[in-house]
Amino acid sequence: MIPNIAVILTDPNQKIIWVNEDFTSITGYSLGEAIGRIPGKILQGPKTEPAVVERIRKALQLKVPLKEQLVNYRKNGEEYLCKLVIHPVFNRNHELINFIAFEVEGGGNLDDESIPLLNLSEKYRSSSLRAIDEIKLYNQLKKLMEVDKLYLSADLTLKTVADLLDTNTKYLSQVVNHQAGLNFQQFVNFYRVDEAKCKIIKDSLSNLTLYGIALQCGFKNKSTFYKVFKELTGHTPKDFVKSQR
């Protein structure tokens, strides 16, 4: 499953002006509850590491990118380990206009390389708000997949999704590549395979063949389903069923 990535946009004084829905899913704080507050004030708690907090404070003061791992807290008081990347964002006059942060729940075993937003790329440091617009579009795309489940349509195309998001195919393809590190078809197949994994082990669907389930998940043919499933899980569908039972 493509992980939830909390995105936090603040003003130069580190006060929140926007968060995405993944932020709410992870922390429990809605956009309305977060606006105007400083992230550390609402997310840090008793077990948050003082040394990490100090490094974050110094990096923000120096207006340089940072990457850390720390303990944060949800609205309900539950602690969680996360990885955090923060970038300063400057305008064309090299004036600080925002900080943008990406947070993914998980610790040392989290594969940073598979999550492009956890890499300290230069594009956020030197960009305008275009990078933030890109992130917002990516979140709209994720919502179409996770809420509307567009991936279930075998005829889904890049153009169809671009039209729904009121953008063009070139830009949408670029957004998926930058934010997920995948091409559009790979991105869609992640959701299809996750759907198939859930359906395969359901007793209520035991009357269906594996190919029948694949068709329900948006795959058009058997060979593609088997190939993609093994690429993403390391198992054939049949082996996956055996491992679950």
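The values are calculated or read from the model by the stated rules, or taken from the named source; none is laboratory data. Predicted model only: the values in this text are computed from it and were never measured. Neighbour counts run over all protein chains shown; Cβ positions are idealised from the backbone, glycine included.
Against the numbered list (1) part of a helix (DSSP H, G or I); (2) more than 29 Å from residue 195 (Cβ to Cβ), residue 36 comes up short only at (1). Among the residues here, residue 219 does not qualify as under 22 Å from the mean Cα position of the chain (by Cα), surrounded by 15 or more Cβ atoms within 10 Å (Cβ to Cβ) and not acidic (Asp, Glu).
Only one entry in 203, 194 is in the same structural domain as residue 152 (by TED's automatic domain parsing), on the phi < 0 side of the Ramachandran plot and either free of Cβ contacts under 8 Å to residues at least 12 places away in the same chain or β-branched (Val, Ile, Thr) (or both), namely 203. Which pairs do you get when a residue that is at positive phi, found in the range 143-163, comes within reach of a residue that is in a helix (DSSP H, G or I) and not charged (D, E, K, R), reach meaning Cβ atoms under 8 angstrom, with the pair 6+ apart or on two chains? Here the result reads 149/191, each pair linking the range 143-163 to a residue that is in a helix (DSSP H, G or I) and not charged (D, E, K, R). Per this entry, residue 162 is not counted among residues that are buried (at least 16 other Cβ atoms within 10 Å of the Cβ) and touching a Pro at 6+ places or on another chain (Cβ under 8 Å).
Residue check: is residue 177 under 26 Å from residue 9 (Cβ atoms) and surrounded by fewer than 18 Cβ atoms within 10 Å (Cβ to Cβ)? Considered against the rule, which asks whether it is under 26 Å from residue 9 (Cβ atoms) and surrounded by fewer than 18 Cβ atoms within 10 Å (Cβ to Cβ), residue 177 comes out as yes. Residues in the range 38-76 that are surrounded by 17 or more Cβ atoms within 10 Å (Cβ to Cβ) and either touching a Pro at 6+ places or on another chain (Cβ under 6 Å) or outside the structural domain of residue 13 (by TED's automatic domain parsing) (or both): 0 in all. Going through (1) modelled with pLDDT under 95; (2) over 14 Å from residue 8 (Cα atoms); (3) touching a Pro at 6+ places or on another chain (Cβ under 9 Å) one by one, residue 79 falls short only on (1). Within the range 169-216, being under 18 Å from residue 139 (Cβ atoms), modelled with pLDDT of 85 or more and assigned to a loop (DSSP other than H, G, I, E, B) holds for one residue alone: 182.
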